[in-house]
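Peer 1: One structure coming up, written as structure tokens, with questions to follow.
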Amino acid sequence: MRPPLNQPLPIDPLLPEIIGRLSQTPNIVLEAPPGAGKTTRVPPALLDAGIAGAGEVLALEPRRLAARMAARHVSEERGERLGETVGYQVRFEEVASAKTRLRFLTEGMLTRRLLSDPTLKNVGVVVLDEFHERHLQADLALALLRRLQRGARPDLKLIVMSATLDSGPVARFLNDAPALRSEGKRFDVDIEHLARPPRPDDRPLAEQVAAAVNRLATENIDGDVLVFLPGAAEIRRAQAACAAIADRHDLIITPLHGDLSAEEQDRAVKPAAKRKVILSTNVAESSVTIDGVVAVIDSGLARVAGHSPWSGLPTLNVARISKASATQRAGRAGRTRPGRCLRLYTAQDFNARPDHDVAEVHRADLAETALELHAAGIADLNRFDWFEAPPQSAIEAAESLLLKLGAIDAAGAVTEVGRKMLRFPLHPRQSRMLVEAESRGVSEKACVVAALIGERDIVASNLFKNERERNAAQEGPSDLLLRLDLFEEASAFNFAQSRLREMKLDLGAVMAVNRVKRQLVGTRGRGGERLSEVARDRRGEKQGDDALLISILAGYPDRVAKRRSLKSDNRELLLSGGGAAQLSPSSVVGRSEFMVAIDAEERRDATQARTRVVRIASRIEPEWLIDLFADRLSETTEAKWNAQSERVEVVERMMYDQLAISESRSSKAGGAAAIKGGEEAARVLAEAALAAGLQRFVEPETVSGFLARVEFVAKTFPESSTPALNDDDVCESLVALCEGLKSFAELRAAARGGALIEALRQRLSAEQRRLLDKMAPEFVAIAGRRRVRVNYETGKPPWIESRLQDFFGMEAGPVIAGGRAPLVIHLLAPNHRPVQVTTDLAGFWQRVYPQVRKELSRRYPRHAWPEDPLN
């Protein structure tokens, strides 16, 4: 038996009718004001009445905090532990068991569940709570559930609950479902707007809140005060501003937002011995009910979900709330008795606000939604039965991005890469980056980078004390890797607040990144192969950094940029999608030619002209584009010889979208032949090189020495059939070396770098090359030096030279060719002039050295001249 409810709520009298209607029809729409109890009473009532049969009841909530708190509250009312009959599931976190029959989950989790369980086979009822907020995921969930009802699950029951929404459109979408309404108990709320001042109140918001709290406390208000603020940062500032007031009036100041622990959230919601001032985000507007509130202070602001038009990633921007939201906030003070509401804005401001917030489907990025719909088998998103269709341009932009990311093919089918991306509950840009990082062995660091991208910036705006300090940090591979280094340093100090302040990092942002990072690492472990990190020590540091930078590029294929000029003071960028931008002076990627522009914003200069400023960037190399996006590259080449510049002049462009990632200019030469893989350029260069002569490209002694080596082997080992190479072989090798080159300078660098000698080596068989290296070495070891060069000359025996002292301790000189050829030794004095040339080192020590020693010891007394050079 279920224990009796703790207290009656306004929704309770309507529960029998809700159950009765849902027993007869698959769908109903329920409107009930905030505080009526619909969140915590309707889902368990449906479960207990058997509406779900043997299946689960799923209750969709707009926020993680609401899902957790509702599950905890219902569990307590049932006298059970959380995770037994009642559980919850939010991104990266699930508290449930095999016995769980009522599950509170965030709206996006339903879409994810449908990917693995397309028919919701063990679910009997789905409750969409707070639908009036019109989140994109709520709209999507409603459309997918209705699609499921029309197909494989006509038995599935749906109930859509809302506080202020016009129920007509939802009821029609659900096949004219019946609409029920709970009036609840509402008491009058005395609303006081800010008086219209002669000039705007320019005090910081925290000071305005403190003044309002002090006023209510001074008037001895009998109950708790609920303050609505935009976000956690504003809450922290207001908490500090109200601390002295709380001490003076014996108040408890408690924050309430989604990033708090369960204990901290309970402290804000549950009754206390003293009067409380609850500093809350808009989570308390409708998702969470707090008993004992008799006064509301409304900042009129909220962080509204949107997306960056540049990166596509979700954003939370401070914006003015609608009239409907303001009315709901004020109503929180009139649940149990008459209350008060102090609005920190004027009545004129209130009247100028829109009646309702714009549905998120009209302002959100659709990339993640589009990928989920394609994974659900919906190839054409324009034919999907949306509850309210998004703009066509938003669908096209989402599809285009998914194609560029390789998540879907041209027919709208999800690719293997796309299926891997779906493991991560992230924007497709971040998930594509993580998939690439896994393949390159840097997934753990990439989890931090993904969190850094998705959460607000951990770097305070005043990271650098002055211009000089900022300029000292101007060179680096990536603004994200800079933040990764800062995060890892903060982690090494266990995120101590004092250390974070010294580092000028945002405490809340750092902790949010750390939380998401831990959750992503866990998701990575469940979803696929865990690859070893390659950047565990300094030897692998650059390799690891490059792997991270390539992974970042994989998530931003449409944001490639190139500096217009390599001058250090020029920060103008050309963009692969067309147009230009400016790299922010705060970016450390100022010296890189190619980069990915990850985050940008529109700014106006003194003339009000708009400029796109790239705030966060990351270095890339052009070859990475070839590696990842070869199908998006195009190339043309034309060639002719310019005697003045000594190069094959070409018009050669490799285009990545609208960006030339490599380019050189000249007049046309060779027509269509110049386009064939550089063959015409190689031919033109080879002709000019042969006319100029070998000495222009390599030291003749280097080539003649190699030919002499080959000749030595050919004569010493006639059985090897080693050919004696000649000038014709050299010319043919020089022509072959021209392939892929365009100038005398390049040919000279290649030839002097050993490429010409290597081309000559390739004219020998593998066995002949091994014989050459073994029997005619380029260097030999002697006692006083690690090794010396062996000199080969046509018609002469091989020889070496070094200071006489270097041979001390050697009874005989070195030999080559397996002992067939002793080397001629040039013994040098300290001034590097020869004192003896011999092949008989032992005879030199016995017959010549004593006299040489006498002469050299007088001339060079500071050098050692032992009587016995062998010991």
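The values are calculated or read from the model by the stated rules, or taken from the named source; none is laboratory data. All values reported here derive from a predicted model rather than from experimental measurement. Here the Cβ positions follow ideal geometry from the backbone for every residue, glycine too, while neighbour counts run over all protein chains shown. Ligands, DNA and RNA are stripped out before the accessible areas are found, and what is left, the full protein with its side chains, is counted by its heavy atoms. Shrake-Rupley method; radii C 1.70, N 1.55, O 1.52, S 1.80 Å.
Peer 1: Are any residues in segment 410-431 in contact with a Ser or Thr (Cβ under 6 Å, 6 or more places away or on another chain) and not in a loop (DSSP other than H, G, I, E, B), and if so, which ones?
Peer 2: Within segment 410-431, just MET421 meets the criteria.
Peer 1: So which residues in segment 155-181 are modelled with pLDDT under 90, open to solvent by 10 Å² or more (accessible area, probe 1.4 Å) and assigned to a loop (DSSP other than H, G, I, E, B), if there are any at all?
Peer 2: Passing the criteria: THR164, LEU165, ASP166.
Peer 1: Need pairs with beta-carbon distance below 6 Å; first residue open to solvent by 60 Å² or more (accessible area, probe 1.4 Å) and within segment 810-828, second of a type in the set (S, T, N, Q); sequence gap 6+ or separate chains.
Peer 2: Correct list of pairs: ARG820/THR716; PRO822/THR839.
Peer 1: Can you pull out every residue in segment 703-736 that is hydroxyl-bearing (Ser, Thr, Tyr) and farther than 16 Å from LYS796 by Cα? It would help to see each step written out before you state the result.
Peer 2: So the first thing to find is which residues in segment 703-736 are hydroxyl-bearing (Ser, Thr, Tyr), and the list is 704, 716, 720-722, 733.
Selection gives SER720, SER721, THR722, SER733.
Peer 1: Identify, from the list VAL277, VAL318, VAL288, the residue that is at pLDDT 90 or above, closer than 21 Å to VAL213 by Cβ and not in a helix (DSSP H, G or I).
Peer 2: VAL277
Peer 1: Shifting gears a bit: Quick check on my filter: what residues within segment 559-588 are among the charged types (D, E, K, R), more than 25 Å from VAL459 (Cβ to Cβ) and modelled with pLDDT of 90 or more?
Peer 2: Answer for segment 559-588, where residues must be among the charged types (D, E, K, R), more than 25 Å from VAL459 (Cβ to Cβ) and modelled with pLDDT of 90 or more: just LYS562.
Peer 1: If only one of ILE28, ILE19 is touching a helix residue (DSSP H, G or I) at 6+ places or on another chain (Cβ under 9 Å), among the β-branched types (Val, Ile, Thr), crowded, with 16+ Cβ neighbours inside 10 Å and outside any helix (DSSP H, G or I), which one is it?
Peer 2: Testing whether each residue is touching a helix residue (DSSP H, G or I) at 6+ places or on another chain (Cβ under 9 Å), among the β-branched types (Val, Ile, Thr), crowded, with 16+ Cβ neighbours inside 10 Å and outside any helix (DSSP H, G or I) leaves just ILE28.
Peer 1: Mind listing whichever residues of segment 70-93 are among the aromatic types (Phe, Trp, Tyr) and modelled with pLDDT of 90 or more?
Peer 2: TYR88
Peer 1: I've got another one for you. Got a number for residues in segment 334-378 being surrounded by fewer than 14 Cβ atoms within 10 Å (Cβ to Cβ) and part of a loop (DSSP other than H, G, I, E, B)?
Peer 2: Of the residues in segment 334-378, 7 are surrounded by fewer than 14 Cβ atoms within 10 Å (Cβ to Cβ) and part of a loop (DSSP other than H, G, I, E, B).
Peer 1: Out of curiosity, is GLU17 of a type in the set (Asp, Glu) and under 28 Å from VAL293 (Cα atoms)? Show your work before the answer.
Peer 2: Working: of a type in the set (Asp, Glu): yes; under 28 Å from VAL293 (Cα atoms): no.
Spelling it out, it is not the case that GLU17 is of a type in the set (Asp, Glu) and under 28 Å from VAL293 (Cα atoms).
Peer 1: Could you tell me which numbered condition VAL74 fails, if it satisfies all but one of (1) within 24 Å of ARG146 (Cα to Cα); (2) more than 36 Å from the chain's Cα centre (by Cα); (3) buried (at least 23 other Cβ atoms within 10 Å of the Cβ)?
Peer 2: (1)
Peer 1: Consider only pairs whose beta carbons are under 7 Å apart and that are at least six residues apart or on different chains; among these, list those whose first residue lies in segment 113-136 and is touching a residue at least 24 places away in the same chain (Cβ under 8 Å) and open to solvent by 40 Å² or more (accessible area, probe 1.4 Å) and whose second residue is assigned to a strand (DSSP E or B) and acidic (Asp, Glu).
Peer 2: From segment 113-136, the pairs are ASN122/GLU56.
Peer 1: Give the residues of segment 573-582 that are outside any loop (DSSP other than H, G, I, E, B) and surrounded by 14 or more Cβ atoms within 10 Å (Cβ to Cβ), sorted by residue number.
Peer 2: LEU573, LEU574, LEU575, ALA581, GLN582
Peer 1: Please go through segment 470-503 and give me each residue that is at pLDDT below 90 and not in a helix (DSSP H, G or I), ordered by number.
Peer 2: ALA473, GLN474, GLU475, GLY476, listed by residue number.
Peer 1: Given the condition in contact with a Phe, Trp or Tyr (Cβ under 6 Å, 6 or more places away or on another chain), open to solvent by less than 20 Å² (accessible area, probe 1.4 Å) and under 22 Å from LEU142 (Cα atoms), answer yes or no: does some residue in segment 49-60 qualify?
Peer 2: Yes, the conditions are met somewhere in segment 49-60.
Peer 1: A further question follows. Among the candidates ASP202, ASP291, which residue alone is farther than 26 Å from THR40 by Cα and open to solvent by 50 Å² or more (accessible area, probe 1.4 Å)?
Peer 2: Being farther than 26 Å from THR40 by Cα and open to solvent by 50 Å² or more (accessible area, probe 1.4 Å) holds for just one of ASP202, ASP291, which is ASP202.
Peer 1: Considering segment 192-218 alone, what residues qualify as being out of contact with any Ser or Thr (no Cβ under 8 Å at 6 or more places or on another chain) and not in a loop (DSSP other than H, G, I, E, B)?
Peer 2: Matches in segment 192-218: GLU192, ALA206, GLU207, ALA210, ALA211, ALA212, VAL213, ASN214, ARG215, LEU216, ALA217, THR218.
Peer 1: Quick one: count up the residues across segment 589-601 that are at pLDDT 90 or above and either of a type in the set (S, T, N, Q) or part of a strand (DSSP E or B) (or both).
Peer 2: Residues in segment 589-601 being at pLDDT 90 or above and either of a type in the set (S, T, N, Q) or part of a strand (DSSP E or B) (or both): 6 in total.
Peer 1: Evaluate segment 781-795: report whether one residue or more is touching a residue at least 60 places away in the same chain (Cβ under 8 Å) and β-branched (Val, Ile, Thr). If you could, list the steps in order and put the result at the bottom.
Peer 2: Residues of segment 781-795 that are touching a residue at least 60 places away in the same chain (Cβ under 8 Å), as a first pass: 791-794.
Add one more test, that the residue is β-branched (Val, Ile, Thr), and what stays is 794.
Yes, some residue in segment 781-795 is touching a residue at least 60 places away in the same chain (Cβ under 8 Å) and β-branched (Val, Ile, Thr).
Peer 1: Looking at segment 311-333, which of its residues are open to solvent by less than 80 Å² (accessible area, probe 1.4 Å), of a type in the set (A, V, I, L, M, F, W, C) and under 27 Å from GLY108 (Cα atoms)?
Peer 2: Listed by number, the residues that qualify are LEU313, VAL318, ALA319, ILE321, ALA324, ALA326.
Peer 1: Right, something else. Report, by residue number, each residue of segment 713-738 that is open to solvent by 30 Å² or more (accessible area, probe 1.4 Å) and assigned to a loop (DSSP other than H, G, I, E, B).
Peer 2: SER721, PRO723, ALA724, ASN726
Peer 1: So which of GLU84, GLU80 ends up being charged (D, E, K, R), over 25 Å from GLU133 (Cβ atoms), open to solvent by 40 Å² or more (accessible area, probe 1.4 Å) and in contact with a strand residue (DSSP E or B) (Cβ under 7 Å, 6 or more places away or on another chain)?
Peer 2: Only one candidate qualifies: GLU80.
Peer 1: Kindly provide the set of residues from segment 714-740 that are within 58 Å of the chain's Cα centre (by Cα) and in contact (Cβ under 8 Å) with a residue 60 or more places away in the chain, ordered by number.
Peer 2: The answer is GLU739, GLY740.
Peer 1: Sticking with this structure for a sec: Would you please list the contacts, defined by Cβ atoms under 6 Å and residues six or more apart or on different chains, that run from a residue in segment 70-83 that is free of Cβ contacts under 8 Å to residues at least 60 places away in the same chain to a residue that is hydroxyl-bearing (Ser, Thr, Tyr) and open to solvent by less than 10 Å² (accessible area, probe 1.4 Å)?
Peer 2: Listed by first residue and then by second, the contacts come to LEU82/SER75.
Peer 1: Another question, if that's okay. What are the residue pairs meeting all of these: first residue in segment 378-393, first residue in contact (Cβ under 8 Å) with a residue 24 or more places away in the chain and under 17 Å from LEU148 (Cα atoms), second residue part of a helix (DSSP H, G or I) and open to solvent by 70 Å² or more (accessible area, probe 1.4 Å), Cβ atoms under 7 Å, and 6 or more apart or on different chains?
Peer 2: From residues that are in contact (Cβ under 8 Å) with a residue 24 or more places away in the chain and under 17 Å from LEU148 (Cα atoms), the pairs are ASP385/ARG147.
Peer 1: Counting just the residues of segment 516-539 that are surrounded by 15 or more Cβ atoms within 10 Å (Cβ to Cβ) and farther than 18 Å from SER439 by Cα, which one comes out modelled with the lowest pLDDT?
Peer 2: Among those residues, the one meeting the criterion is GLN519.
Peer 1: Further, regarding this structure: Which residue is farthest from PHE697 (Cα to Cα), if the candidates are limited to segment 756-771 and must be within 52 Å of the chain's Cα centre (by Cα) and aliphatic (A, V, I, L, M)?
Peer 2: Ranking the candidates gives ALA766 first.
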